[in-house]
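**Q** Submitted below is the structure of interest, expressed as structure tokens.
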Amino acid sequence: MMIWVIIIGMALVTVIPRIIPAFIVDFIQFPDWVNKWLQAIPYAALGALIFPGIMTVVPDQPYIGVAAGIVAILLAWLRIHVILVVLSAILTVFLLTI
Amino acid sequence: MSLEEKQVIKMQIRDGFIAGSPIVVGYLPIAIAYGVLAKQAGMTLMELTGMSLLVYAGAAQFMGAGMIGLGVSALEIIIATFVLNFRHFVMSLSFINQIKQYAMKWKFGLSLGLTDETFSVSSIYKKQGNQAYGYFFYGTIMLTSYLSWVLGSFLGGVLGDIIPQNLSQSMGVALYAMFIGLLIPSIRKYKRIAIISIAAMLINYIVSPYIGDGWGIVVGTVLGACIGIFVLEEEKL
């Protein structure tokens, strides 16, 4: 029973921050600089999500995650499709850990 | 609805599947690992699948299941979840602003499916979203991601560790590689974007040991994007 209380509590505190913007954005006219800030968020979020998290892929060998990241950067720069970028990074970690 | 419109919807759904497929590749092994961990922590199959259905947040679920196993109080677990997931508020604000023109029901429905991964894919693939029936594109991304997460958790709970350990460890890089694969083409097109991303990386790296991973991502994202106010030029976005 207690576990369901925890699950429902976790669900509420997760979903509320997710949905609030859907209700407020219509009623606020953002100034230009806020719009610019909002447009920059995806790029900032991607940065913060990639690093330093990528170093924890193999927790005791952070360089393996970094190496896979460099492979991903190079392939993505060469306009390789994102699915192949993902598979190549997986292969890199796999080869470095056998 | 005309035949042409149906064709457009079909194409948006197909594009959504393609755009969402790296998320599925990334989610399945992580969800299976979560299912295994939650089972070991003493949760039933129904509870661990229910958590995926209702909470739908990877890192928080790992943490939650771990804390349940340790017998931590409900309040502490719920507060820790709030802190860890608060970053979705910032992401949702940005995404909803991007889809301002959509009807309320779509804004609401799509925001329910917002995770780090669905947000990243959705905000990079703006083009499809701005075309007619763009909500079918985003809806497909959200739904396939959600279903793969729930299905993976269930499988992990039922079958246990079905993926060999070194393969599942390797697959742990999938979502990071996807984030890179989304970011690099944007930087290639507009180099100044790199300033924002690198700033966010460094800020997160510096502050997260002190304030935790959840707040680290929030602070890195919010401040990194502030730099964007100064370096981005309106006409190039």
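The values are calculated or read from the model by the stated rules, or taken from the named source; none is laboratory data. These figures come from a predicted structure and were not determined experimentally. Because the Cβ atoms are built from the backbone with ideal geometry, glycine has one as well, and the counts that use them run over all protein chains shown.
One line per residue, one yes/no per condition, for (1) in contact with a helix residue (DSSP H, G or I) (Cβ under 6 Å, 6 or more places away or on another chain); (2) surrounded by fewer than 23 Cβ atoms within 10 Å (Cβ to Cβ); (3) more than 9 Å from chain A (Cβ to nearest Cβ):
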position	(1), (2), (3)
B:32	yes, no, yes
B:55	yes, no, no
B:66	no, yes, yes
B:112	no, yes, no
B:127	no, yes, yes
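**Q** Scan the range A:77-88 and report the pairs whose first residue is of a type in the set (Gly, Ala, Ser) and whose second residue is assigned to a helix (DSSP H, G or I), with Cβ atoms within less than 9 Å and a gap of 6+ or a chain change.
**A** Partner pairs satisfying both residue conditions: A:88/A:68; A:88/A:71; A:88/A:72; A:88/A:75; A:88/B:177.
**Q** Does residue B:61 fit the bill of being part of a loop (DSSP other than H, G, I, E, B) and of a type outside the set (Val, Ile, Thr)?
**A** No: the conditions fail for residue B:61.
**Q** Just to be sure before I move on: is residue A:58 under 15 Å from residue B:124 (Cβ atoms) and facing chain B (nearest Cβ under 7 Å) in the structure I sent?
**A** no
**Q** Quickly run through the range B:74-96 and pick out the residues that are in contact with a Phe, Trp or Tyr (Cβ under 7 Å, 6 or more places away or on another chain) and surrounded by fewer than 19 Cβ atoms within 10 Å (Cβ to Cβ).
**A** B:83
**Q** Would you pick out the residues in the range B:163-174 that are buried (at least 17 other Cβ atoms within 10 Å of the Cβ) and within 8 Å of another protein chain (Cβ to nearest Cβ)?
**A** Of everything in the range B:163-174, those that are buried (at least 17 other Cβ atoms within 10 Å of the Cβ) and within 8 Å of another protein chain (Cβ to nearest Cβ) turn out to be B:169, B:170, B:171, B:172, B:173, B:174.
**Q** Determine, yes or no, whether residue B:223 is more than 10 Å from chain A (Cβ to nearest Cβ) and surrounded by fewer than 21 Cβ atoms within 10 Å (Cβ to Cβ).
**A** No; evaluated as a whole, the condition is false for this residue.
**Q** Criterion first (outside the structural domain of residue B:117 (by TED's automatic domain parsing), out of contact with any Lys or Arg (no Cβ under 9 Å at 6 or more places or on another chain), surrounded by fewer than 24 Cβ atoms within 10 Å (Cβ to Cβ) and part of a helix (DSSP H, G or I)) does residue B:183 satisfy it?
**A** Judged against the criteria, residue B:183 is not a match.
**Q** Output the helices (runs of 4 or more DSSP H) that fall wholly within the range A:17-98 and possess 3 or more residues being small (Gly, Ala, Ser), or say none.
**A** So the answer is A:32-50, A:62-77.
**Q** Still on this structure: With respect to residue B:211, determine if the residue is more than 8 Å from chain A (Cβ to nearest Cβ), over 17 Å from the mean Cα position of the chain (by Cα), assigned to a helix (DSSP H, G or I) and without any contact (Cβ under 8 Å) to a residue 40 or more places away in the chain.
**A** Criteria met by residue B:211.
**Q** Test each condition in (1) among the hydrophobic types (A, V, I, L, M, F, W, C); (2) at the interface with chain B (Cβ under 7 Å from one of its Cβ atoms); (3) under 17 Å from residue B:58 (Cα atoms) for residue A:38 and report the one that comes out false.
**A** With respect to (1) among the hydrophobic types (A, V, I, L, M, F, W, C); (2) at the interface with chain B (Cβ under 7 Å from one of its Cβ atoms); (3) under 17 Å from residue B:58 (Cα atoms), residue A:38 is out only on (3).
**Q** Right, another one. Restricting the search to the range B:186-197, which residues are at the interface with chain A (Cβ under 7 Å from one of its Cβ atoms), buried (at least 17 other Cβ atoms within 10 Å of the Cβ) and not hydroxyl-bearing (Ser, Thr, Tyr)?
**A** Of everything in the range B:186-197, those that are at the interface with chain A (Cβ under 7 Å from one of its Cβ atoms), buried (at least 17 other Cβ atoms within 10 Å of the Cβ) and not hydroxyl-bearing (Ser, Thr, Tyr) turn out to be B:193, B:196.
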